[in-house]
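The values are calculated or read from the model by the stated rules, or taken from the named source; none is laboratory data. Note that the structure is predicted; figures quoted are calculated from it, not measured. Cβ atoms come from the backbone with ideal geometry, glycine included; neighbour counts cover every protein chain shown. Heads up: the accessible areas ignore ligands, DNA and RNA and are worked out on the full protein's heavy atoms, side chains in. Shrake-Rupley method; radii C 1.70, N 1.55, O 1.52, S 1.80 Å.
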Amino acid sequence: MKRPVVGVIGNAYRVENRFQTQMVGERNLRAVADVAGALPLMFAGSPEITDIGALLDVVDGIVLTGARANVHPTRFKTEPHERHEPYDIHRDDVALALTEACVARGVPIFGICRGLQEMNVAFGGSLHPEIREIPGRMNHRMPRLENGEIHPDPTVVFADRHDVHLTPGGTFANLLGCETIRVNSLHGQGILEPGKRVVIEGIAEDGTIEAIRIADAPGFALGVQWHAEYDPQRNPINRKLFEAFGAALKAHQRAN
């Protein structure tokens, strides 16, 4: 059997503030290749050049990665504000429609950080643009130095920062073999109201939704708020997630 192929969504990125490109973080590609055992294939987060039907005809699964840009608030009936920029409206177009298509067709889909948020919005849920502004919530954004710059050490940026309590007997608890895990945290936006088919399976200490699945999905359809692509080669929690995704890819490949 050939290696499964995984479509990894691209993000709009401007080089030298002039040249428009599509970008995928290499950790996502390596997680797919090294742990899920699949061939990562980046596709453009741009509806003009990405035909979702044609894409799903040639891949065995989809990863919706994290990204700097937030899902545009008009997607969940909220007014945009410059404080919550940047946005990537073309990725919104592709990711939201793609999420519904994957679930309908039973194509495995794994949402990470922004990807989890996209999965929620695709099924009618809403987001809060700045989780830390909700009373009682912690600051989930990445660590920064006193001068405001991002911390230069990736081991500090991606260090585990809080616990996530998993639903006993749920998909995540069964997959990971425990009911409490510890994860990293690098996001400002988060789920406010879950979508109609969104089942909450993991909640942080402060009440932030951290793990979801799509109810009655015929295939793998899981999302996590933390960056599971960071070091799944050694991190046992993230490794199990990508291994389970890999098993779902092979099952889908055999069935088709």
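Tell me the residue from Gly124, Gly115, Gly111 that is under 26 Å from Arg91 (Cα atoms), of a type in the set (Gly, Ala, Ser), touching a Ser or Thr at 6+ places or on another chain (Cβ under 9 Å) and not in a helix (DSSP H, G or I), please.
Working: Gly124 fails: touching a Ser or Thr at 6+ places or on another chain (Cβ under 9 Å); Gly115 fails: not in a helix (DSSP H, G or I).
From the options Gly124, Gly115, Gly111, the qualifying one is Gly111.
Yes or no: the range 162-183 includes at least one residue that is of a type outside the set (A, V, I, L, M, F, W, C), within 18 Å of the chain's Cα centre (by Cα) and in a loop (DSSP other than H, G, I, E, B).
Checking the range 162-183: not a single residue is of a type outside the set (A, V, I, L, M, F, W, C), within 18 Å of the chain's Cα centre (by Cα) and in a loop (DSSP other than H, G, I, E, B).
Can you tell me how many residues in the range 130-150 are open to solvent by 50 Å² or more (accessible area, probe 1.4 Å) and free of Cβ contacts under 8 Å to residues at least 60 places away in the same chain?
Number of matching residues: 12.
Looking only at the range 11-59, count every residue that is of a type in the set (Phe, Trp, Tyr) and over 21 Å from Gly219 (Cβ atoms) and tell me the total. Steps first, please.
Within the range 11-59, the first condition is being of a type in the set (Phe, Trp, Tyr), and the residues that meet it are 13, 19, 43.
If we keep only those that are over 21 Å from Gly219 (Cβ atoms) too, we end up with 13, 19.
Count: 2.
Search the range 3-23 for residues that are under 21 Å from Ala97 (Cβ atoms) and pair each with any residue that is open to solvent by less than 10 Å² (accessible area, probe 1.4 Å) and of a type in the set (S, T, N, Q) when their beta-carbon atoms are under 7 Å apart and the residues are at least 6 apart or on different chains.
Between residues of the range 3-23 that are under 21 Å from Ala97 (Cβ atoms) and residues that are open to solvent by less than 10 Å² (accessible area, probe 1.4 Å) and of a type in the set (S, T, N, Q), the close pairs are Val8/Thr65; Ile9/Thr65.
Filter the range 203-220 down to residues that are in a strand (DSSP E or B) and of a type in the set (Val, Ile, Thr) and give me whichever is nearest to Ala255 (Cα to Cα).
So in the range 203-220, the residues in a strand (DSSP E or B) come out as 203-204, 209-214.
When the remaining residues are screened for being of a type in the set (Val, Ile, Thr), the result is 203, 209, 212, 214.
Numbers: Ile203: 34, Ile209: 33, Ile212: 25, Ile214: 21 Å.
Only one residue fits best here, namely Ile214.
Examine the range 60-82 for a residue that is among the aliphatic types (A, V, I, L, M) and open to solvent by 50 Å² or more (accessible area, probe 1.4 Å), and state whether such a residue exists. Let's see the steps before the verdict.
Taking the range 60-82 as the starting set, the residues that turn out to be among the aliphatic types (A, V, I, L, M) are 62-64, 67, 69, 71.
Narrowing further to those that are open to solvent by 50 Å² or more (accessible area, probe 1.4 Å): none.
There is no residue in the range 60-82 that is among the aliphatic types (A, V, I, L, M) and open to solvent by 50 Å² or more (accessible area, probe 1.4 Å).
May I ask you to verify whether Ile200 is outside any loop (DSSP other than H, G, I, E, B), within 21 Å of Arg68 (Cβ to Cβ) and of a type in the set (A, V, I, L, M)?
Against the criterion (outside any loop (DSSP other than H, G, I, E, B), within 21 Å of Arg68 (Cβ to Cβ) and of a type in the set (A, V, I, L, M)), Ile200 does not qualify.
Hey, among Ala12, Ala36, which residue is of a type in the set (Gly, Ala, Ser), part of a strand (DSSP E or B), surrounded by 18 or more Cβ atoms within 10 Å (Cβ to Cβ) and under 19 Å from the mean Cα position of the chain (by Cα)?
Ala12
For the range 172-203, which positions are hydrophobic (A, V, I, L, M, F, W, C) and in contact with a Phe, Trp or Tyr (Cβ under 9 Å, 6 or more places away or on another chain)?
Within the range 172-203, Ile181, Val183, Leu186, Leu192, Val198 meet the criteria.
Just one of Glu205, Glu210 is modelled with pLDDT of 90 or more, open to solvent by less than 70 Å² (accessible area, probe 1.4 Å) and among the charged types (D, E, K, R); which is it?
After ruling out the rest, the residue left standing is Glu210.
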